[in-house]
Amino acid sequence: MIRQTVILLTALTSVGWATATRGPDAGGYTATDSAVYSFVDISGTGASVLGGVDDGVAPLIVPFSFQFYGNAYTMVCASSNGALYFITSASACAGINDFSNADLTVASPAGNLPALLPFWSDLTFQVAGAGAVSYQTVGSPGTRRFVVQWTNAYPAGSSSPVTFQAILFEGSNQILFQYQTVDLGVGNAASNGGLATVGIANAGGLASGQQIEWSYDAAVLGNSVALSFAPTTPTSCAGNITVQVTVTRGGFAFNEGTQRFLQTITVTNSSAAPIVAPFYLVLDGLSANASLANATGVTVCQTPGSPYITIFTSGTLTAGQAATVQLQFANPTKAGITYTPRILSGAGTP
């Protein structure tokens, strides 16, 4: 197959490469190569998967709720071919066929899944000297980072490997791609991303414009380079109405079938005036042992990074009127679940 190369050049100045940016896209994401490179090498400390594998995938649990294009995820599917896909169940990771990268302006990532593509290419760990995909959580609750690293992955036909990583930031929902070794020398077609797709895409991003392609089959990367992808800071935030309502929490019940802890929350308007929807229940300071499995997303206003669930989106809550919502918690250790409820209302971002 003849590969079409899209050339994306960055202007060279007397002091180095000038900063480049992409976006914002229709989902509000902007990308830049002005991020500070600070490689978090987890090859010797993280858990490893896909060692000795070609064209393999593995589901990984993210220990915090990460919001991507307005949806909250706690699981990704790591591909040996330099891609991460956001998924809602381990079964969604099976059967992904992504050894052939694509131009995001004309095609979607494998399975049209929401995707992070730090170095999407035909890579293998099934050769002598190859490494594996490692993953590790670093930092403290509230500001944790989930690091996924491809160490010594060999591009098809290359005698030299690449090493790079993708980092998910709790709270800010920032995404960072970092490239330790991608310069494979003159004459190597895969060098510096020459045979790779780099970018991010939401499910249906090709039609909706919710995607950023940094490069496609273009040698624009380099060693010790970092790319940041971040959602735009909202201009309007939903209001905090916690003092205007009474929040009543029911007890926890464990559902054996779903392996989830369930809790019903009742929110009653304790003020004398009606309160206009939408209504959001925010869980500030949720204990690290638990995650809100049915979260609508995570907050970006006021206290960023807290999981929230939408109570309802339209209408009003009149004086004395109540609304209920059920929370579903994943809690593998079955330790106590603690959090502080906060109620938001009105137009704006939670």
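Any read-out appearing in this document is the output of simple, stated calculations on the displayed coordinates, not a laboratory observation. Please read all numbers here as calculations on a predicted model, not as lab measurements. Backbone-built Cβ (ideal geometry, glycine too); neighbour counts: all protein chains shown.
One way to sum up the overall shape of the chain is the equivalent ellipsoid from its Cα gyration tensor, whose semi-axes run 41, 22, 17 Å, largest first.
What shape does region 165-219 have by the C-alpha gyration tensor, where a ≥ b ≥ c are the square roots of the eigenvalues, rounded means a/c under 1.5, and otherwise prolate means a/b greater than b/c and oblate the rest? The shape class here is oblate.
For Val127, neighbours were defined as the other residues whose beta-carbon sits under 15 Å from its Cβ, and their charges (Lys and Arg +1, Asp and Glu -1) total -3. Applying the Karplus relation 6.51 cos²θ - 1.76 cosθ + 1.60 with θ = phi - 60° to region 250-264 yields 3J(HN,Hα) values of x, x, 7, 10, 9, 9, 5, x, 9, 6, 10, 8, 10, 9, 9 Hz, where x marks Gly and Pro.
Each residue of region 151-162 is assigned a 3J(HN,Hα), and the resulting list reads 10, 6, 8, 9, x, 4, x, 9, 8, 10, x, 10 Hz, derived from the Karplus form 6.51 cos²θ - 1.76 cosθ + 1.60 (θ = phi - 60°), x at Gly and Pro. Projecting the Cα atoms of Thr30, Phe254, Ala78 onto the charge dipole of the chain (Cβ charges, centred on the Cα centre) puts Phe254 farthest toward the positive pole. Estimated purely from DSSP H runs of n ≥ 4, each contributing -39500 (n - 2.57), the mean residue ellipticity at 222 nm for the chain is 0 deg cm²/dmol once divided by its residues.
Once divided by 2.2 N^0.38 Å, the Cα radius of gyration of region 239-345 becomes 1.07.
Comparing mean-square fluctuations of Gly305, Gly51, Gly193 from a GNM of the chain with C-alpha springs under 10 Å, the top value falls on Gly51. Think of the chain as having a plus end and a minus end, set by charges on the Cβ of Lys, Arg, Asp and Glu; of Val106, Asn331, Leu50, Asn331 sits farthest toward the positive end of this dipole. Region 131-167 and region 82-106 have Cα centres spaced 17 Å apart. Simple point charges give the picture: +1 on the Cβ of Lys and Arg, -1 on the Cβ of Asp and Glu, and for region 12-231 a dipole about the Cα centre of about 420 debye. Other residues within the sphere of radius under 10 Å centred on the Cβ of Arg22, judged by their own Cβ, net out at -3 (K and R +1, D and E -1). Overall, the anisotropy analysis places region 42-83 in the oblate class: the square-rooted eigenvalues a ≥ b ≥ c of its C-alpha gyration tensor yield a/c not less than 1.5, with a/b not exceeding b/c. Normalised by 2.2 N^0.38 Å, where N is the number of residues, the alpha-carbon radius of gyration of region 40-150 equals 1.05. Sequentially through region 185-194, phi angles give Karplus couplings (6.51, -1.76, 1.60; θ = phi - 60°) of x, 5, x, 8, 4, 7, 4, 6, x, x Hz, Gly and Pro residues having no value and appearing as x.
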